[in-house]
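Laboratory data are not the source of any read-out in this text; all were calculated from the coordinates shown. Computed from a predicted model, the values in this text were never measured in an experiment. Heads up, the Cβs are rebuilt from the backbone with ideal geometry, glycines too, and the neighbour counts pull from every protein chain shown.
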């Protein structure tokens, strides 16, 4: 059988394990040299590839470098946020397929989230239309854990572990003084609260902080929040609150969009004029998503005015998605395996699919199998936290969530150290 | 010889290793049971002790718990920000000494920074005045590394390691897209730039990001900043900038205090009116320090307007001081030793002193000795980064700083894990 080459790319926001999946694709590409020639990597995803940017990963990476790639966070190949046109008659499609033919590509892998699966879907549909035999396979990744038809997504476990470990440390930090205080921790998550939910794992014992956890799956009410905090103050001096960036009220207005006027009204006050400068502008990214920021700050102002105690808000930053030193080994291994399995699926002739995780809930422990699912069904859908996993009070998670998330954060990573710091693999 | 008891407390902001020093004091207290009865811990520092809050650490902590205490961040005993009156005739002094006598305290240890050394100084001076034989010893700690008469302070090494590791990961994260971008990382440091300087260690190879590093030791100019960024864009797409929260211009105005008007003027623009709501208010803490926040946001707005590229600012949060999982083992061991040595000094009859670190610069490798220094000379002084360690351009560090800081971040910590997360020792 004539050998064909692999083309693999990374797209969307970085995670701690997107390179582990890349590593898995390369390793399986090497292992299956009976069918696969070389493994090319797109530099800056499909956008860079269209401009002729790619590299020969099999030739350029040593085995030692592959090992380092596996534990290096962010996106080794570079990423993009490039949306292919809806219209399959657009001229970019033949242009792209000509480039694929030139490199003798037989297997195309795209590691990414929702929007990347949209790319896989369009390419496989166009390929089908023109009778191409190139196989298009999506390897999932997103810290948001919001892809459907898969038990969870690579990247979530590490982000959850980082969030839980960091919240646990902030809880310690916030409880050193005996004065009453409120600490508000804002975590990533627009519509799906998975990552914020993981902060429940930060509790070392039952009843520990974080006392209150609010997800975007349930409407948020400032009044209820004030009641909840009031109640917590009856049993503790330091109240730590975790919120998703995307919490919104019952009318669907994001907390981070609350302007001065609205906030003043919520505080039961009249203010002379609305200050335009204080209105948060909701920007749109290339995919039309609202770019949110700042609900922590809104809550901080509200809580300070309402309770008159020390209030601090902390926005967990990009380390949530790119911390390599606090990554979950389970997550890294699963992400790597997803890449390997993706190659196997493609070699078996599958196309237009995404690699999915299937958890065996019958077994005692945690056991994971891999399946292929129709990528058309995955893209542009969003999986949120089941409402039944959120406590009735709306400010906590049930044990079902804990049982679900705990296996995903197990195992520590030890990247090779140089001068006391991790030595990551960087494309030069 | 009649046995006396130890009283130990923690004060000021938490660090990753303040508990390692506490552990050292307890361990040495146990080891020297020929002279020491028990080891009491003040709960919430001197403020809590004055209200009768203390615990018997020797009786209450098992050896296994002591080992966990050593690697637990924040302040196990709780902390305070309590300033003793300048006037030694104030009534709090006899009140406090009566309490000390009642507990048969012979040795008093206070683990803290600048302000805590001020407490040690006052207590030892009062003790001298009344002819007390209680010995007062300060154990240094501060992530700011700004205490004089000591080579460095416990807490700095871990904070530096966290900062360097995190900046390295943010650098990876910020370089995944090919679009031009500026990433501004704001680190802790009001007047001393030690921690921000440590971000130079994030460079994996010469020439890597962070490209620009600004400390409060040198006056900051927005115009020079713009020139520096412009120059960097000639050689890279992604420019990562690290700044201390306390950078100020040549007139001494903190960047974070720049209001709309000033910023507009710097951008060469006239605006109709000054928006009061945008003026940052500089709050004062109990010790009269200005509480700063937000120079990263000011720079973000300036850079976005000036360069028209993607700009993001990231404020490294309290994890800088309380990350136990990224702590430096060298730092933990030195902090522990500082506690042990402090007990030895006190047993030798020394009082009114602080334990200091002395580096042997003659030796090839890194070697540390311990000394006692007059606490009166330490308190209310500040050690800043030598100007000769800042590059002439004012936006980088010289190799002298690297040689100084690198030994302090060596060695990794492995706190005991429970369900994938560190199991810290928490006072219940």
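So the values come out like this:
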| quantity | calculated |
| --- | --- |
| Ranked list, fewest to most other Cβ atoms within 10 Å of each Cβ, for B:344, B:228 | B:344, B:228 |
| R0 of 41 Å, Cβ-Cβ distance residue A:98-residue A:63: FRET efficiency to nearest 0.05 | 0.75 |
| Shielding by other protein chains, A:313-324, mean Cβ within 10 Å | 5 |
| Inter-chain shielding of B:71-78 (mean C-beta neighbours from other protein chains, 10 Å cut-off) | 3 |
| Rounded tilt (10° steps) of A:92-102 against the dominant C-alpha axis of chain A | 50 degrees |
| Ordering of A:204-212, B:327-335, B:19-27, B:52-60 by burial proxy (mean other Cβ atoms within 10 Å per residue, highest first) | B:19-27, B:327-335, A:204-212, B:52-60 |
| Ranked list, fewest to most other Cβ atoms within 10 Å of each Cβ, for A:146, A:403, B:144 | A:403, A:146, B:144 |
| Three-way shape call for segment B:43-162 based on the alpha-carbon gyration tensor, with the a/c threshold at 1.5 | oblate |
| Overall form of segment B:1-65 per C-alpha gyration tensor (a/c, 1.5; a/b vs b/c) | oblate |
| Folded to 0 to 90 degrees: helix A:18-31 orientation relative to chain A principal axis, Cα | 20 degrees |
| Per-copy distances of the residue B:253 label point, shortest first, in nm (7 angstrom along Cα→Cβ) | 3.5 |
| Three-way shape label, segment A:152-268, alpha-carbon gyration tensor, a/c 1.5 | oblate |
| Neighbour-count ranking [beta-carbon atoms within 10 angstrom, fewest first] of B:152, B:399 | B:399, B:152 |
| DSSP beta bridge pairing in chain B, given as percent antiparallel to the nearest 5 | 35 percent |
| Shielding by other protein chains, B:405-417, mean Cβ within 10 Å | 2 |
| Pairwise FRET efficiency - residue B:34 versus residue B:231, Cβ, R0 = 51 Å, nearest 0.05 | 0.20 |
| Computed [θ] at 222 nm, helices only, for chain B once each DSSP H run of length n ≥ 4 contributes -39500 (n - 2.57) | -10000 deg cm²/dmol |
| Additional length obtainable on full extension of the chain from residue A:180 to residue A:251, 0.36 nm per residue less Cα span | 22.3 nm |
| Contact order normalised by residue count of chain A, Cα under 8 Å, 6+ apart, percent | 23 percent |
